[in-house]
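Working notes, structure below.
The values are calculated or read from the model by the stated rules, or taken from the named source; none is laboratory data. This one's a predicted model, so the numbers in the text were calculated from it and none came from an experiment. Cβ placement follows ideal geometry from the backbone for every residue including glycine, while neighbour counts extend to all protein chains displayed. We work out accessible area using only protein heavy atoms, side chains counted, and drop any ligands, DNA or RNA first. Shrake-Rupley method; radii C 1.70, N 1.55, O 1.52, S 1.80 Å.
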Amino acid sequence: MSDANGATLGARTLRVCALYPDLMNIYADRGNLLMLERRCRWRGIGFDLTASGLGEALDADAHDLFYLGGGQDRDQRLCAEDLLESKSASLRSAAAREAVVLGVCGGYQLLGRSYTLGEQTIEGVGLLDVRTAREDDRRLIGNVAIEVHLDDADGDSAGRVLAGFENHGGRTTLGEGAAPLGRVLRGHGNDGRSGCEGARSGNTIGTYLHGPLLPKNAWFADWLIARALAIDVSQLAPLDDRLEDEAHLSARHAAGL
Amino acid sequence: MAGALAPKLALARAVAALSRLRGGGGTSAPGKVLLGLDGDAIGALGARLRRGSVLVSATNGKTTTTAMLAGILERAGVPIVHNAAGANMASGIATALLAATRRRGAIAGELGLFEVDELWLDAVAVQLRPRVILLANLFRDQLDRYGELETIAERWANDVEAERFVLNADDPLIADLGRDRPEALYFGVEDDSLALPGMAHAADAKHCRRCGAPYVFEAIYLGHLGHYHCDSCGQRRPQPAVIASDVTLEGVRAASFTLHTPAGQARVSLALPGLYNVYNALGAAALATALEIGLASIVAGLQSARAAFGRAETVTLLPAQASNGAGNGDARAPRELRILLVKNPAGANEVLRTLALEPGEHDVLGVLNDKIADGRDVSWIWDADFELLAGRVRSFTCSGTRAPELAVRVKYAGIDPARIRVRPDLRVALDEAAADRPDRVAPLYALPTYTAMLSLRELLVARGEVSSSWS
């Protein structure tokens, strides 16, 4: 790396923990992890991926970024129980020291307070003050684009766009302690009514956008990497993102934007 | 009954004629009209088939398996009614039956052979009351349309009936459908040399259908197909009666195996590539076995099977098309275009694995569409192992409605971005990809999704490079 920042960062390693990668991977969640890995390595930043499965304890201090994807109903239920039993305290403590926690689709639902399926209510980790209930009438499916304001400093500057695909039967409602990740520009979002998509509390982020999310929004992958390493995104060496930018536009276009 | 049906048949036939006049394919429109007039038409027409019907369903390989069966039945002298064009929802099956109906309640065929869409299987089976249903596999496919695999498996378990089931012993989701069906006939692969080092990234069916404990896989052949058992409840892969052993894979061209059936064994040479086609052949052989068709007809039928529409089909590009632009090889020589349909991770992985068996660096034209028949959600490309092509690509042209997203996928798979070009317009993409040729004689490999494959063929038909198969 010729870049001065890159040289400094070269000594750094992004330590990622994928939660239940063999079960919670239904929407090609592997693509999100691959984006993080390649974009670190191309910049000379180390990348260390650990998988944490059913029954395995979680070391809160060993990772900078925790990733939880979506799964089939049965697998999601298994993981929900396991999260509460063997990982929830660690995840909370990691979030408290500002590690990044990203939940996508089913992973987003599990980061919330609860998920109600008919008579049954599954308790979530509660990192996000949201509740999800399954409505049987219709799944919310389609391309989606949202506007996000991620940096607290530029609260009134123009937002950026995240584009992706959503496919969920659950309707998620934000509690008083939760802020939405973004405003729906096209698509359904949390519940198809509120105009809100996802939720965010500090560095904990939940969203329904898959497709996968990061390959369609390379800028957001960089934002997550920077957050997880506790640096400013401008400190990351620039990459040749011509293909990534085209893919982002393609996904926005598919959503009708 | 036939009297009441006759005017409806006539009307639907008129629609078929009109549809053809307007240049439409007519593979499902007439059936749609017929079903609008009479919701039970499939049952009524199916009842005219002297030997009844057999159905084939799966997420992967329906069209090829059914085409192989058509070949076997032809050799066995059984006249069939068959939805050969791959229109596999109720309307497509009704169209095939309508096309075979003759005057006075007659029908041109003795046995119905239909491939059926996964979600239509219950409705079609209620109508046709089939003799045999072949269920070949359940792989992750178009989640936005089909939903979860478990949901399909539940539907098949609860709502689909037939006199007999032919099931893939190597797919735990499928094999379990035989739980309360002692007459089920199983088929499977038994060849240790084929076992993969591990499961695909997005393999499904990792947990026991009965008790939820993780399956232990002794061997994995393809996706989640293999030899498995459950330590917790003792469930295990059923012993198949129809088996493939000693499998030999010959790149994108061919495959061969030894077929074992209760009637004896024989070596089978397929003119189709890949282990996935061995599975297709094995399913066809098992269904034919259930119909008590002789081994000689089975072998002859399988060996005569050629690529079904757009599946491992080879087209010769005329020099005019192959020589536009700055070619580096002999621009006047015709060039082969091999079309390998990819539509979901399991299918794509087998195509990529097969392609990787061919030596050298390849020229690839990937066409990613997101129309309804492709699945609107293109996230599946990240579950497909394009990594298999890393270091093996001379050029990768990305086309289709979501071309740039395919380009990002292959870039992150380790293909040099300098070798990737993005040309959303298929015509431009085909011309440039065909013209960019190496010094040696080498084919261009097209990997299109379903609607992209139709567009590609249409383009080739318009240029006179391939004849229309709708005729």
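Just one of A:ASP129, A:ASP151 is more than 14 Å from every other protein chain (Cβ to nearest Cβ) and open to solvent by 50 Å² or more (accessible area, probe 1.4 Å); which is it?
A:ASP151
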Q: Please tell me if B:ARG140 is open to solvent by 20 Å² or more (accessible area, probe 1.4 Å) and in contact with an Asp or Glu (Cβ under 8 Å, 6 or more places away or on another chain).
A: yes
Q) Just one of A:ALA95, A:ALA57, A:ALA80, A:ALA89 is hydrophobic (A, V, I, L, M, F, W, C), without any contact (Cβ under 8 Å) to a residue 40 or more places away in the chain and not in a loop (DSSP other than H, G, I, E, B); which is it? A) A:ALA89
Q. How many residues, within the range B:376-405, are more than 7 Å from chain A (Cβ to nearest Cβ), open to solvent by 10 Å² or more (accessible area, probe 1.4 Å), among the hydrophobic types (A, V, I, L, M, F, W, C) and closer than 22 Å to A:GLY70 by Cβ?
A. 1
Q | Condition met for B:ALA87 (under 17 Å from the mean Cα position of the chain (by Cα) and in a loop (DSSP other than H, G, I, E, B)) | A | yes
**Q.** Within the range B:174-214, tally of residues that are within 12 Å of chain A (Cβ to nearest Cβ), open to solvent by less than 20 Å² (accessible area, probe 1.4 Å) and in contact with a helix residue (DSSP H, G or I) (Cβ under 6 Å, 6 or more places away or on another chain)
**A.** 3
Q: Using the structure shown, decide if B:GLY43 is in contact (Cβ under 8 Å) with a residue 12 or more places away in the chain, surrounded by fewer than 24 Cβ atoms within 10 Å (Cβ to Cβ) and part of a loop (DSSP other than H, G, I, E, B).
A: no
Q) List pairs: first in the range A:211-234 and away from chain B (no Cβ under 13 Å), second crowded, with 19+ Cβ neighbours inside 10 Å and among the β-branched types (Val, Ile, Thr), Cβ under 7 Å, 6+ apart or cross-chain? A) A:LEU224/A:VAL100; A:ARG227/A:VAL100; A:ALA228/A:VAL100
Q) Just for strands (runs of 3 or more DSSP E) wholly inside the range B:174-243: which have at least 3 residues that are closer than 26 Å to A:PRO21 by Cβ? A) B:215-222, B:225-230
Q.
For the structure I just gave you, tell me whether B:ARG409 is open to solvent by less than 20 Å² (accessible area, probe 1.4 Å) and either within 11 Å of chain A (Cβ to nearest Cβ) or of a type outside the set (S, T, N, Q) (or both).
A. yes
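Would you check which residues across the range B:416-430 are within 11 Å of another protein chain (Cβ to nearest Cβ) and open to solvent by less than 40 Å² (accessible area, probe 1.4 Å) and list them?
B:ILE420, B:VAL422, listed by residue number.
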